[in-house]
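The values are calculated or read from the model by the stated rules, or taken from the named source; none is laboratory data. These figures come from a predicted structure and were not determined experimentally. In this analysis, Cβ positions are derived from the backbone assuming ideal geometry, glycine residues included, and neighbour counts consider all displayed protein chains. The protein model used for the area step is the full one, side chains on, heavy atoms only, and it has no ligands, DNA or RNA in it. Shrake-Rupley method; radii C 1.70, N 1.55, O 1.52, S 1.80 Å.
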Amino acid sequence: MRDTAFFELTHRLTQSLRGDEVLLCNLDGEDSDFVRLNGNRVRQAGGLRAWRLSLDLIEGRRQAQASCDLSGDPEEDLARARGLMERLRERLPHVPEDPYLNYAIEPSTSHQVLNGGGAAGDGDGAAGAIADLHSAAEGLDLVGIWASGELSAGFTSSLGHRHWHASRSFNLDFSCYLEGDKAVKANLSGVVWDPQALAAKLAGVRRDLEILARPARAIPPGRYRAYLAPAAVAELLDLLAWGGFGIKDHKTAQTPLLRLARGERHLDPRVTLREEHARGLAPRFTGEGFVKPEAVTLIAGGRYQDCLVDSRSAKEYGQAVNAAGEGPESLALDPGDIPTAEISRRLDTGLAIGNLWYLNYADRNDCRITGMTRFATFWVENGEAVAPVPAMRFDDSLYHLLGDRLAGLTRERELLVSPETYEGRSSASALLPGILVSGIDLAL
């Protein structure tokens, strides 16, 4: 569905409003290609074209919400939407007043299209990318999933708002198996498909598989110097985002960053975290019609700076809205000055950790996290990876890993697009460097 069709549909819908009724309309759509791969061969390919309209009918302090799928036929969609609005109107007198109801009253407009040229894997682009992958990964036991295409979002209101956002992106999430459960996991995502980037990624995977084939090096529990690749950093920050950055979590003292917010602890001055709304994969507007700022600095120079505030918390705590929700969608960690090509030399001797999983808090108040190393983790001696290390449990605080034990961050960052597809392909992403730490505690 194009922006003009959505705007026309909601314009006709608002003409049937009565009295003081206010109508908020949200559209979420995708035109996606999905390909499942096994043994470096296409096992399943398919596509999804879907648009979902959500209506929020408001009268005074009462609101009623519901959604319906759209077909793309203007008259059929208008009939569905009108029927949905009639049911909301019947429900509205029976719902209680909402003390935290909050929506944008001042009309605003925006129109943003990212990669409108369609270079990121729709149609022939997706087929071409899979052909590139099949050729470049010849001889590898590659398992994974490709997702690409356009995500779109729109917002209008009977108060005069008109917003549209569309972005094209791709995400290749894959593993290459050596034997049994020995595998190297990798990800390649972005907005423009680059065969050279794929070749470089697979060259790294092949080198890791060669090391993975060597006898494993068992190491006892203890503290080890380590390099955590961007994918491993993403796992740490994903857990931190679980209640770490929302203003409600801070006001109710539930955030794992409470000591940072109170000034009792701090991170390394090189740590600056931002929610970069302007990066483009997620819409710049909220479902209530508020326009997001270009960025929200969450941690600046290792110190607490700001929180994410959605519309309901803004009403409750008297703050300005700066996010659609209170979890990050476009998180970015500032880069450092270590060239990624030199990271093994700078590590010298220790662990190279490619990925983590099964993370949870061991001590939420101290931001202490436990989890497992995953897939290819290597022992490095004198700047050279010499042997794989079996999966081990780590238990350490981010106040150490991003604080007093942070030895540096890589100069290059990796864009990691969320592979989530629940209720639609996710537009969340993170732009992260790898980190070098002087020690990470392995417990088992």
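Grab the DSSP H runs of the chain that are 4 residues or longer, score each as -39,500 (n - 2.57), total them, divide by all residues and round the 222 nm result to the nearest 500 deg cm²/dmol.
Mean residue ellipticity at 222 nm (helix-derived): -6500 deg cm²/dmol.
Within segment 366-397, name every residue whose backbone N is under 15 Å away from a label modeled 7 Å from Cα of Thr349 along the Cβ vector.
379-387
Residues of segment 294-392: accessible area per residue at 1.4 Å, in Å²?
Accessible area per residue: 42 Å².
Check the chain and count each lysine pair with an alpha-carbon distance under 28 angstrom, considering only pairs eight or more places apart or from different chains.
Lysine pairs meeting both conditions in the chain amount to 7.
Using Cα centres only, tell me the gap between segment 267-336 and segment 40-111 in whole Å.
One Cα centre to the other: 25 Å.
Please work out the FRET efficiency for the pair Ser108 and Asp194, using the Cβ-Cβ distance as r and a Förster radius of 35 Å; give the result to the nearest 0.05.
Computed FRET efficiency for Ser108 and Asp194: 0.50.
Where the only charges are on Cβ atoms (+1 Lys, Arg; -1 Asp, Glu), what is the dipole of segment 1-145 about its Cα centre, to the nearest 20 debye?
340 debye
Calculate one ³J(HN,Hα) per residue across segment 284-298 by plugging θ = phi - 60° into the Karplus curve 6.51 cos²θ - 1.76 cosθ + 1.60, and present them in order as whole Hz with x for glycine and proline.
Result, rounded to whole Hz: 8, 10, 9, x, 10, x, 7, 8, 6, x, 4, 7, 10, 7, 8.
Would you mind getting the accessible area per residue of segment 173-245, heavy atoms of the protein chains only, 1.4 Å probe, in Å²?
Accessible area per residue, segment 173-245: 47 Å².
Hey, what did the chain get for relative contact order, percent, Cα under 8 Å, at least 6 apart?
Relative contact order, the chain: 15 percent.
How big is segment 259-298 by the Kirkwood estimate over distinct Cα pairs, in Å?
Mean inverse Cα-Cα distance, inverted, gives 12.2 Å.
Which residue, chosen from Leu298, Ile145, Val386, occupies the Cα position most advanced towards the positive end of the dipole of the chain, where the dipole is computed from +1 (Lys, Arg) and -1 (Asp, Glu) charges on Cβ about the Cα centre?
Ranked along the dipole, the leading option is Val386.
When the Kirkwood radius is taken over all Cα pairs of segment 38-188, what Stokes-Einstein diffusion coefficient follows at 20 °C and 1.002 mPa s, in µm²/s?
D, rounded to a whole number, is 110 µm²/s.
When the C-alpha atoms of segment 233-376 are aligned to their principal axes, what extent does each axis show, in angstrom, from largest down?
The Cα atoms of segment 233-376 stretch 52, 33, 28 Å along their principal axes.
Remind me, relative contact order of segment 174-297 in percent, using alpha carbon pairs under 8 angstrom and six or more residues apart?
Value for segment 174-297: 12 percent.
Rounding to the nearest 10 and keeping the result within 0 to 90°, find how far the Cα-based axis of helix 124-136 lies from the longest principal axis of the chain.
10 degrees
For the chain, which whole percent of the accessible surface, found with a 1.4 angstrom probe, sits on carbon and sulfur atoms?
Here carbon and sulfur together make up 48 percent of the probe-accessible area.
Please work out the ratio of the alpha-carbon Rg of segment 142-299 to 2.2 N^0.38 Å and round it to two decimals.
1.39
Starting at the first residue of segment 433-438, write each ³J(HN,Hα) from the Karplus equation 6.51 cos²θ - 1.76 cosθ + 1.60 with θ = phi - 60°, in whole Hz, x for Gly and Pro.
x, x, 10, 10, 10, 6
Taking K and R as +1 and D and E as -1, what net charge do the other residues with C-beta under 11 Å from the C-beta of Pro283 add up to?
Here the count lands on 0.
May I ask you to give the average projected area over all directions of the convex hull of the Cα atoms of segment 296-432, in nm² rounded to one decimal?
10.4 nm²
Taking 0.36 nm per residue of separation and subtracting the Cα-Cα distance, what length does fully extending Asp141 through Ala300 add?
In short, 52.9 nm is gained.
Given +1 on the Cβ of Lys and Arg, -1 on the Cβ of Asp and Glu, and no further charges, what dipole in debye does the chain carry about its Cα centre, rounded to the nearest 20?
Magnitude of the dipole: close to 820 debye.
For Val113, which sequence-distant residues (separation of 5 or more, or a different chain) have an amide H within less than 5 Å of its own amide H, given hydrogens modelled in the peptide plane?
So Val113 has HN proximity to Ala166.
Can you run phi through the Karplus equation (6.51, -1.76, 1.60; θ = phi - 60°) for segment 29-38 and list ³J(HN,Hα) in whole Hz, with x for Gly and Pro?
So the Karplus estimates, Gly and Pro as x, are x, 8, 10, 10, 10, 10, 9, 9, 10, 8 Hz.
If you average 1/r over all unlike Cα pairs in segment 107-208 and invert the result, what Kirkwood radius do you get in angstrom?
Radius from the Kirkwood sum: 15.5 Å.
If each of Glu210 and Ser16 carries a label point 7 Å out from its Cα toward its Cβ, how far apart are those two points in nm?
6.7 nm
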